[in-house]
Amino acid sequence: MKLNRRFIAKAAAALAVAGAVGFAATANAGVSLTGAGSTWVFPLVAKWSAAYMKETGIQINYQSIGSGGGIAQIKAGTVAFGASDMPLTPEELAKEGLIQFPTAIAGEDLVYNLPGIKPGELILSGPLVADVYLGKVKKWNDPAVAKLNPGVKLPNMAITVVHRSDGSGTTFTFADYLSKVSPEWKTKVGANTSLNWPVGVGGKGNEGVAAFVQRIPGSIGYVEYAYILEGKLSYARMINRDGKVVSPSLKGFQNAAAHVDFTKAKDFYVILTGQPGPETWPISGCTWQILRKAAPKATNAEVTKFFDWGFEKGQSMAESISFGPLPPSTVKAIKAYWKTNLGI
Amino acid sequence: MKGSEAASSAPLELRAASEQKSAGKTSVVPADFLFRSLTAFFALVVAATLVAIMGSLVLEGWSALRTFGWKFLVTSTWDPVTNEFGALVFIVGTLVSSAIAMLIAVPVSFGIALFISELSPSWLRGPVSALIELLAAIPSIIYGMWGLLVFAPWFAQVVEPWLNDHVGALPGIGVLFQGPPMGIGMLTAGIVLAIMIIPFIASIMRDVFMITPTTLKESAYALGSTTWEVARYVILPYTRTAVTGGIFLGLGRALGETMAVTFIIGNANNLSASLLMPGSSIASVIANEFTEATTPLYKSSLLALGLILFVITFIVLVFAKLLLLRLETSLEGKKS
């Protein structure tokens, strides 16, 4: 009888109804949690879960099906946690009985293919990028580009705009930034994981955008920071909100996080783009984990334990794959948030 | 009761044989019946699946079709931010890329089939056939990657500048070949699609060309016909039903091709007169946007697109059937 019950419980765990109640008492071996969502945070969750498995024997299955899919799955209650690069509003969370908290910080940058111009040589500003992506600035030697880049020999070349063709949190972060710096972008295009792009060609995934930019002379695209390091792409420096020229760096992303007060925002609903600070990188982003309040307490406890472990011990792992750890004050706020909302 | 029915309608020779063997034993009849039921079950399950898919597409896409009505088919706005959706760009993209593919694939396949069946030395026939059929075994994602990483850059550096300079300047059709040489776009997608469907069309054509009775061909040659005349006036009329079937098989594949097209069509939701500019097809936009279709209307619109593709493919099939029917009747008319 006892055996049988254990078997059923195990089967249930395997079926992704994660962390069935009663597991806390047994050994950890065989316990598994299932999460789904953001492709962007996948490398981090994968790295953390491998190390976590070794240490605790608890297996985390994460399916990188996209943020939209992650939100849908957690709403349906088929996974223990969903991950999204676009936070849900506090109203929607309340309506669906969900909670959310940030995981790690990253950033993205513009990359270009211009003969004779070295990585980091080109300087761009938010409004200029918006105009390029609106199709208003069409040539590289346009006065608007030249003004920001005195002394750089800009070619008389058409600008080919490259964007993501698939729905993506990277696109959301990018478009959210452009909405903040360009009123025209905000009204004409807006911010979402997929957009009605005025111009350009779409590449599938970060690698698709990177491939297009590498192969089309005169092109410009946006990719996650990790792809710039990997692909040795020509990246642009950006003018941030304080008017300073900055290069993309983990420190710049973390500065953006330091300037938003995660601790004060309800349900951590803040977006890291366009934050002030002299060293702040303007197109910084974040991934949120979403949990169900109504899920079994043991399940939520296992999930929070995993992310708690990540916040405490996974910092260097995160940095090694270009994710910036959350500031300690934020981690503290997340723990308090868990206590009030989940009683954990 | 049913068993005897099955036995009575079984082919005569078979029944005779089974009667001889079993010499009046009834045990064979249920086996016959079982076999027949089983095959009928297989056939019906597939048909039912098709109907079920169609039904679920209608069901899921209904909210989009109801919200936008007929405008869904003729508007080109696709805006996930404001939740406004129209399918025109994708319908045009699907039809244009497939049309380019057919324009290239049909004559090339005809040439290949003719070469293999009529002109090739016999030692070359086997290897060439095998290689062309191997093209069909390559997964479409490989075509996509090859198209993106190898073909598109070459196309952008060599072919498109030439098209821009020489064809783009012509009045009328010139507008089709203007625009920055990016290597990706409608034309590239059409060409790669053509390469993907050539093996299907060519192997069907080759097979039916080979079975054209030698007596017919020899008679024509004996009367002094050239190879072209034999192909045009003997082989093609004899095989046109199968040739049309092969062409439509290729078209069906081109219309629904997803991965390869997604890589190279450019994925821009804009209508553009130039074939060098990026576009989007129904299959590619579904593949691109389905995972992040967050609002119900958005998801419903994507499924409605799926329904439209289904209907387009269905129309193509019906058209092919009608064409075949007309060909057959005209053929019979000639005979009598």
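The values are calculated or read from the model by the stated rules, or taken from the named source; none is laboratory data. Predicted model only: the values in this text are computed from it and were never measured. Virtual Cβ from ideal backbone geometry, glycine too; neighbours counted across all protein chains shown.
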Next on the checklist: Suppose we keep only residues that are within 14 Å of another protein chain (Cβ to nearest Cβ) and touching a strand residue (DSSP E or B) at 6+ places or on another chain (Cβ under 8 Å) within segment A:18-56. Which one would you say is modelled with the highest pLDDT?
Outcome noted: A:36
Item to check | Residue identified as surrounded by fewer than 17 Cβ atoms within 10 Å (Cβ to Cβ) and at pLDDT below 90 among B:168, B:174 | outcome: B:174
Checklist entry - Is it true that residue B:142 is of a type outside the set (Asp, Glu) and modelled with pLDDT of 85 or more? => result yes
Next on the checklist: Here is a check on your reading of the model: is residue B:129 within 14 Å of chain A (Cβ to nearest Cβ), polar (S, T, N, Q) and either touching a residue at least 40 places away in the same chain (Cβ under 8 Å) or not in a helix (DSSP H, G or I) (or both)?
Outcome noted: no
Next on the checklist: Give all pairs with beta carbons closer than 6 Å in which a residue from segment B:268-293 that is facing another protein chain (nearest Cβ under 8 Å) meets a residue that is aromatic (Phe, Trp, Tyr) and outside any helix (DSSP H, G or I); count only pairs at least 6 apart in sequence or on separate chains.
Outcome noted: B:269/B:78
Checklist entry - Only one of A:230, A:207 is part of a helix (DSSP H, G or I), within 14 Å of chain B (Cβ to nearest Cβ) and acidic (Asp, Glu); which? => result A:207
Next on the checklist: On the basis of being within 8 Å of chain B (Cβ to nearest Cβ), in contact (Cβ under 8 Å) with a residue 40 or more places away in the chain and outside any helix (DSSP H, G or I), does residue A:223 make the cut?
Outcome noted: no
Checklist entry - For segment A:126-173, how many residues are polar (S, T, N, Q), surrounded by fewer than 21 Cβ atoms within 10 Å (Cβ to Cβ) and either away from every other protein chain (no Cβ under 14 Å) or under 22 Å from the mean Cα position of the chain (by Cα) (or both)? => result 2
Checklist entry - Looking at segment B:132-152, is at least one residue exposed (fewer than 12 other Cβ atoms within 10 Å of the Cβ) and farther than 30 Å from residue A:162 by Cα? => result yes
Checklist entry - Is it true that residue B:162 is surrounded by fewer than 18 Cβ atoms within 10 Å (Cβ to Cβ), under 25 Å from the mean Cα position of the chain (by Cα) and either under 20 Å from residue B:105 (Cα atoms) or more than 11 Å from chain A (Cβ to nearest Cβ) (or both)? => result no
Checklist entry - Restricted to segment B:67-98, and to residues that are surrounded by fewer than 16 Cβ atoms within 10 Å (Cβ to Cβ) and part of a helix (DSSP H, G or I), which residue is farthest from the chain's Cα centre (by Cα)? => result B:71
Checklist entry - Just checking, how many residues over segment A:57-76 are away from chain B (no Cβ under 14 Å), in contact with a Phe, Trp or Tyr (Cβ under 8 Å, 6 or more places away or on another chain) and not in a strand (DSSP E or B)? => result 1
Checklist entry - Taking into account only those residues within segment A:174-194 that are in a loop (DSSP other than H, G, I, E, B), modelled with pLDDT of 90 or more and in contact with a helix residue (DSSP H, G or I) (Cβ under 6 Å, 6 or more places away or on another chain), which is farthest from the other protein chains (Cβ to nearest Cβ)? => result A:182
Checklist entry - Is segment A:210-217 home to any residue that is touching a residue at least 12 places away in the same chain (Cβ under 8 Å), part of a helix (DSSP H, G or I) and over 25 Å from residue B:288 (Cβ atoms)? => result no
Checklist outcome for this item: Here the residues within segment A:168-208 that are of a type in the set (D, E, K, R) and over 20 Å from residue B:295 (Cβ atoms) are A:180, A:184, A:204, A:207
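Examine segment A:81-90 for a residue that is closer than 26 Å to residue A:242 by Cα, of a type outside the set (Asp, Glu), assigned to a helix (DSSP H, G or I) and modelled with pLDDT of 90 or more, and state whether such a residue exists.
no
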